[in-house]
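Read through the structure below, which is laid out as structure tokens, and then see the notes.
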Amino acid sequence: MTTFDIHEIERISGLSERQIRSVARRGLISPLNKLYDQSDQLSFQDILTLRKIGQLISAHCSFSSVLRQLGDIHAHSAPHQPLSALKVTTIGPYLVMQVDGIYQHVISGQTFLNFDIDQEEERSNVLQFPSHSDTLPAHSFAATLSETELERILDSDELTSDDWFNLGIQFEALNENVRARSAYRNAIGLDEDNIDAYINLGRLLQLDDKFRDAKKLYEKVLQLRPENELANYNLGTLFDMLDEFDLAVRYYQRAPNMAMAHHNLARIYDQLGNEVKAARHLSIKHELEHE
């Protein structure tokens, strides 16, 4: 069992001891009695949940609001599914969950198609590359585990598929893509239905020009979940990079709620001389970015 003392937990999560105890009282992590007592050992999932809460706190979303909304999300999520495994982020004052590239408010069911963040205008002739399946909001701070802490976790014999997936994200944050790929492969080895691990591994392989291997991973996702827009979009970018525009268009069209897909469709149609379709997809792109 990997253990962390209170000072390490505060540094990793960005939360104070008082806040950590509040999280425990809400039932979002394991119960605590005396945090300094070695009998009160937080699990790796607990540490990741606390870190996620630290990342969600912003000028738009207070600590108390995050806890209240996370409590609602936890109540509506699948039994025994750790909060650290859920793709939760902020849009304004709301916490939303990402499912197949779409952001949805769990309680109301309202769908959000983009972040309320000012973005620099991008030229339509630039290929928008594959997305990360666990992108953090731009206003969150990047609290990462130290090398020593990572090694302590890696020594554990209790890591789950979700643990390995989260470790892959940690390694990516440290620009250690070789170790990230290994972590994603371990995640898949423990759970062949870990959609996000397939997508993240495929993205890393694609950006390393290993197109055939990336294609197999995206296609595996579509076997498991044909409607997954992120996998369809990433396949579109793969064929786009190979100048196989017919196939690229086919897969981009299967990601209708992703602004980047319409951006790339506009660029392709512009190159093909179809100004009407290019303008239509640019218009859809802007609508999605500003809904």
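The values are calculated or read from the model by the stated rules, or taken from the named source; none is laboratory data. These numbers come from a predicted model, not from an experiment. Reconstructed Cβ throughout: ideal geometry from the backbone, glycine too, with neighbour counts over all protein chains shown.
Taking segment 178-235 as the range and being in a helix (DSSP H, G or I) and among the acidic types (Asp, Glu) as the test, the residues that pass are ASP196, ASP213, GLU219, GLU229.
So that you can scan it fast, the table gives a plain yes or no per residue for (1) modelled with pLDDT under 85; (2) of a type outside the set (A, V, I, L, M, F, W, C); (3) surrounded by fewer than 21 Cβ atoms within 10 Å (Cβ to Cβ):
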{"site": "PHE44", "(1), (2), (3)": "yes, no, no"}
{"site": "LEU50", "(1), (2), (3)": "no, no, no"}
{"site": "HIS74", "(1), (2), (3)": "yes, yes, yes"}
{"site": "SER77", "(1), (2), (3)": "yes, yes, yes"}
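Just for segment 13-33: of the residues that are touching a Gly at 6+ places or on another chain (Cβ under 8 Å) and surrounded by 19 or more Cβ atoms within 10 Å (Cβ to Cβ), which one is farthest from GLY54 (Cα to Cα)? Per the stated criteria, the residue is LEU28.
ASP246 falls short of the stated requirement of being assigned to a helix (DSSP H, G or I), in the same structural domain as ALA261 (by TED's automatic domain parsing), surrounded by fewer than 24 Cβ atoms within 10 Å (Cβ to Cβ) and modelled with pLDDT under 95.
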